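Structure first, commentary second.
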Amino acid sequence: MSLRLIFMGTPEFSVPTLLELVAHGHEIAAVYTRVAKPAGRGMKLQLSPVEQEARRLGIPVVTPATLKTPEALDEFRGYQADAAVVVAYGMILPQAILDAPKLGCFNLHASLLPRWRGAAPINRAIMAGDAETGVMVMKMDIGLDTGDVAMAERLAITDTMTASDLHDALAPLGGDLMVRAMAALERGKLQLTPQSGEGVTYAAKIDKAEAHIDWAKPARDVLRHIHGLSSFPGAWSEMPLDGASQRVKILRCEIADSSGEPGSVLDDRLKIACAQGALRVLELQRAGKQPMKADEFLRGTSLKPPARLS
């Protein structure tokens, strides 16, 4: 037994779920993804990661500009899917689309709902200092991540994790969870539970204006801010390098046992003082350069006391 599914997703995070559904014998009638966009130095059209996989697997790909027209609804209905699986698709599904599959539309969301509804749950969980997060399968309704929850998997967040690390841990976890949810749905055994009305938070889209590092905060808060924005867009600070102030992204750091004036360089190995405690920078990126380890960075430049970051 298998389900006939429409899969809707766009970024790399969506790919493991698509592959797991195919591997477990579900029929993917069509893949919906965002249209290719110009990227890179040559500004060539870049297919989404999901479209690349769908084409490799020989699955029909649909890239509508909107789902709100009668034509889009007719095409969606024409696939006669049992259900739709949605993973970071990037477009709002109108009620008519949600109602089209006979068993409904199911979303994989990267948080423990109702905490961190919205666009950037992975980043926000780290930046808020959360001890854990996870993935959830939810039957979609017209609200913003407000649907009834079917299944969940939890994952601890450590202070060593960046948003990229957490993304890479949650993506395969989500693929496995969705496969289990679809198996239960196929058997008519998928149980749905309404979300709690308490503990609701919203994960607003990351704004680049948030990326400036504020050293006048406790070290762990600064660390979580840095890791929550790594690797994109990358938290940055101004550093005195080569006789000028230069913006440098800090991508990874660790708590260090020291203190000093916030932003001040405390040794010759990139230990930086915060309001309480200090951080040691482990990985960073100069403008126009590839990310590099701190040791490599320091071989090409000198940053010692009494230098200060701002």
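When peptides 162-173, 269-280, 33-44, 182-193 are ranked by their average number of other Cβ atoms within 10 Å per residue, the highest-first order is 269-280, 162-173, 182-193, 33-44.
Looking at the chain, the DSSP beta bridges with both ends there are about 65 percent antiparallel. Heavy-atom surface analysis with a 1.4 Å probe gives the chain a carbon and sulfur content of 51 percent of its accessible area. Distance between the pseudo-spin-label points of residue 55 and residue 242 (7 Å out from Cα toward the beta carbon): 3.8 nm.
On full extension, the segment bounded by residue 66 and residue 261 gains 65.0 nm, given 0.36 nm per residue less the C-alpha separation.
Long hydrophobic helices in the chain: the complete DSSP H runs spanning 18 Å or more by Cα along their own axis with mean Kyte-Doolittle hydropathy of at least 0.0 are 163-187.
Length gained on full extension, residue 191 to residue 282, computed as 0.36 nm times the residue gap minus the Cα-Cα distance: 28.3 nm.
Projecting label points 7 angstrom from Cα along Cα→Cβ for residue 146 and residue 207 puts them 2.4 nm apart.
Each part gets one Cα centre, and for the stretch 40-56 versus the stretch 114-142 those centres are 27 Å apart.
Relative to a virtual label point 7 Å from the Cα of residue 77 in the Cα→beta-carbon direction, which members of the stretch 89-108 show backbone nitrogen distances below 16 Å? Output list for this probe position: 94-104. The magnitude of the dipole of the chain, with charges of +1 and -1 set on the Cβ of Lys/Arg and Asp/Glu and taken from the Cα centre, is near 620 debye.
Cross-link partners for residue 205 among the aspartates and glutamates, with Cα-Cα distance under 16 Å and sequence neighbours closer than 8 places in the same chain left out: 145.
Multiplying each eigenvalue of the alpha-carbon gyration tensor of the chain by 5 and taking the square root yields semi-axes of 42, 21, 15 Å, largest first, rounded to whole angstroms. Each residue of the stretch 137-154 was assigned a 3J(HN,Hα) from its phi angle through the Karplus expression (A = 6.51, B = -1.76, C = 1.60, θ = phi - 60°), giving 9, 10, 7, 6, 10, 6, x, 7, 6, 9, x, 5, 9, 9, 9, 8, 10, 9 Hz with x at Gly and Pro.
The values are calculated or read from the model by the stated rules, or taken from the named source; none is laboratory data. Owing to the predicted nature of the structure, the values given are computational and were not obtained by experimental measurement. As a convention, Cβ positions derive from the backbone with ideal geometry for all residues, glycine included, and neighbour counts pool all protein chains shown. Keep in mind that these areas ignore ligands, DNA and RNA; they rest on the heavy atoms of the full protein, side chains included. Shrake-Rupley method; radii C 1.70, N 1.55, O 1.52, S 1.80 Å.
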